[in-house]
Amino acid sequence: MITDYSIQAVAINAIPLIFAITIHEAAHGYAARQFGDNTAYMLGRVSLNPIKHIDPVGTILIPLLLILSGSPFLVGYAKPVPVNFGRLRNPRIDSIWVALAGPGSNFIQALIWAIFLIALYGFGVNERFLLAVAQAGITWNLVLLVFNLFPLPPLDGGRILASLLPARQSIAFGKLEPYGFFIVLALVFTGLIGSFWMEPLTAFFKSVVYFVTLPLQMLF
């Protein structure tokens, strides 16, 4: 989470965060198309244009209010990518892959930023801004990966869990979706989601990124 709202901090975080959110949302639409649903594609949501994924409330209003109030936390959400699950070839299974596409794209981006950071150090590039941007890219993508895997709708983890539950329980669980973000927001402010979900899982995926890039680190 951003706790420093200075111009320098915003400049460092803006590029990797915009990429992280934009590619995350586009990945959902791309995966849905591969499994038979063209809804997002026809609406222009399979796009790397960040403007197409902006939600006036979740992307602008809520983060702005938190910044103006001096909140130590910054949370928000992009415009959900429309998916007609009934048009997927195997709705129950394919919906899991569609949901995983977003967090999966964040994991891949974290790896790319890690490779970029290793290359900067390896070639002796000591430009502090570039190093900070690369580190922010790793952090933001891991945070978005873990946050979106939280098992509560409308987050991706909630959609995955709903697809795994028996039909009756899945329908009942889905009724939480209108209140899901507010529940998550409450968990963020109480610190529960940070202590019991974000911190341990972010550390886990960070270790995975470290392990995967270890051969490149040894090369340099």
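The values are calculated or read from the model by the stated rules, or taken from the named source; none is laboratory data. Given the structure is predicted, the values throughout are model-derived calculations rather than measurements. All Cβ positions, glycine included, derive from the backbone under ideal geometry; neighbour counts span all protein chains shown. Just so you know, the surface numbers come from the protein's heavy atoms only, side chains and all, with ligands and any DNA or RNA stripped out. Shrake-Rupley method; radii C 1.70, N 1.55, O 1.52, S 1.80 Å.
Taking K and R as +1 and D and E as -1, what net charge do the other residues with C-beta under 15 Å from the C-beta of Leu152 add up to?
Details: positive: Arg159, Lys175; negative: Asp156, Glu177.
For residues surrounding Leu152, the net value is 0.
Which of the trypsin sites (Lys or Arg not before Pro) found in segment 156-220 are in a DSSP loop and have at most 15 neighbouring Cβ atoms, other than their own, within 10 Å? Could the numbers behind the result be given before it?
Numbers: sites: Arg159, Arg168, Lys175, Lys206; in loops: Lys175.
Within segment 156-220, the qualifying trypsin sites (Lys or Arg not before Pro) (loop, at most 15 other Cβ atoms within 10 Å) are Lys175.
So if R0 is 30 Å, what FRET efficiency would Ile183 and Ile7 give, r being the distance between their Cβ atoms, rounded to the nearest 0.05? Please report the intermediate quantities before stating the final value.
Values: r = 34 Å, r/R0 = 1.12.
Efficiency, from the Cβ-Cβ distance: 0.35.
Between Leu214 and Ala167, what length in nm is gained on full extension when 0.36 nm per residue of separation is reduced by their alpha carbon distance?
Working: separation 47, 0.36 × 47 = 16.92 nm, distance 4.29 nm.
The span from Leu214 to Ala167 would gain 12.6 nm if fully extended.
Take segment 100-220, drop everything but the C-alpha atoms, weight them equally and run the Debye formula without solvent; then report log10 I(q)/I(0) at 0.10, 0.15, 0.16 Å⁻¹ to two decimals.
One equal scatterer on each Cα of segment 100-220 leads to -0.40, -0.75, -0.82.
As a test of reading the structure, rank Glu25, Glu127, Glu199, Glu177 by solvent-accessible area (1.4 Å probe, protein chains only), most first.
Numbers: Glu25 20, Glu127 95, Glu199 120, Glu177 70 Å².
Final ranking, largest accessible area leading: Glu199, Glu127, Glu177, Glu25.
Straight-line reach from Lys52: which lysines fall under 21 Å, measuring Cα to Cα and dropping same-chain residues less than 8 apart?
Lys79
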